[in-house]
Amino acid sequence: MILHTLQARHNGVARSGVLHRSLPGISKKMLIQTLRELEASGLIERHQLDSVPPEVSYALSPLGRLMVQPIEMVYEWARQNSPALDQLQPRATSRRRD
């Protein structure tokens, strides 16, 4: 979701607060943890500006931009098939609750 949101809503670059507001339902702690993992994986780059207060922005790396392509294909497939996906019943072993 973070990679998709960075690309689709922010043209590949966003400050952490803006990104957090663009992802309803994710806690700030989970966002920062995931951003760190994406950075360690080489999918995003972290840029800190020397300002008061310090500003941090995140940008898709070249590898992250390549990763967004298949993600966008999955999002498009899900949009096209949303009625069928909404009809699916949860598996008996699913932890998901309605």
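The values are calculated or read from the model by the stated rules, or taken from the named source; none is laboratory data. Only a predicted model underlies this, so the values are computations on that prediction, with no experimental measurement involved. FYI the Cβ positions are ideal-geometry reconstructions off the backbone, even for glycines, and counts take in every protein chain you see. Areas reflect the complete protein model, heavy atoms only, side chains present, ligands, DNA and RNA absent. Shrake-Rupley method; radii C 1.70, N 1.55, O 1.52, S 1.80 Å.
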For Ser61, residues with placed amide H under 5 Å, excluding near neighbours = Ile44, Glu45
Full-stretch length increase - Gln69, Val56 - with 0.36 nm per residue and alpha-carbon distance subtracted = 2.2 nm
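Leaving ligands, DNA and RNA out of it, report the carbon-plus-sulfur percent of the accessible area of the chain at a 1.4 Å probe.
Numbers: 4050 of 7420 Å².
Carbon and sulfur: 55 percent of the exposed surface of the chain.
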Please give the helix 28-40 orientation as an angle from the longest Cα principal axis of the chain, in degrees from 0 to 90, rounded to the nearest 10.
-> 80
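Report the gain in length on full extension from Ala92 to Lys29: 0.36 nm times residue separation, minus Cα-Cα distance, nm rounded to one decimal.
Details: separation 63, 0.36 × 63 = 22.68 nm, distance 3.10 nm.
Stretched fully, the Ala92-Lys29 segment lengthens by 19.6 nm.
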Grab the eigenvalues of the alpha-carbon gyration tensor for region 1-41, scale each by 5, take roots, and send me the semi-axes largest first in whole angstrom.
-> 14, 13, 8
Rounded to whole Hz, the Karplus (6.51, -1.76, 1.60) HN-Hα couplings of region 69-81, x for glycine and proline | 4, x, 4, 5, 5, 5, 4, 5, 4, 5, 4, 5, 10
Please report the relative contact order for the chain, taking Cα pairs under 8 Å with a sequence separation of at least 6, and give it as a percent rounded to a whole number.
-> 27
Between Gly12 and residues 5 or more places away or on another chain, the pairs with built amide H atoms under 5 Å apart involve Gln7
Kindly rank 22-30, 64-72 from highest to lowest mean number of other beta carbons found within 10 Å of each residue.
-> 64-72, 22-30
Translational diffusion of the chain, µm² s⁻¹ [Kirkwood Rh, Cα pairs; Stokes-Einstein; 25 °C; 0.890 mPa s] = 162
Applied in sequence order to region 48-53, the curve 6.51 cos²θ - 1.76 cosθ + 1.60 (Karplus, θ = phi - 60°) yields integer Hz couplings, x standing for Gly and Pro, of 10, 8, 7, 9, 10, x
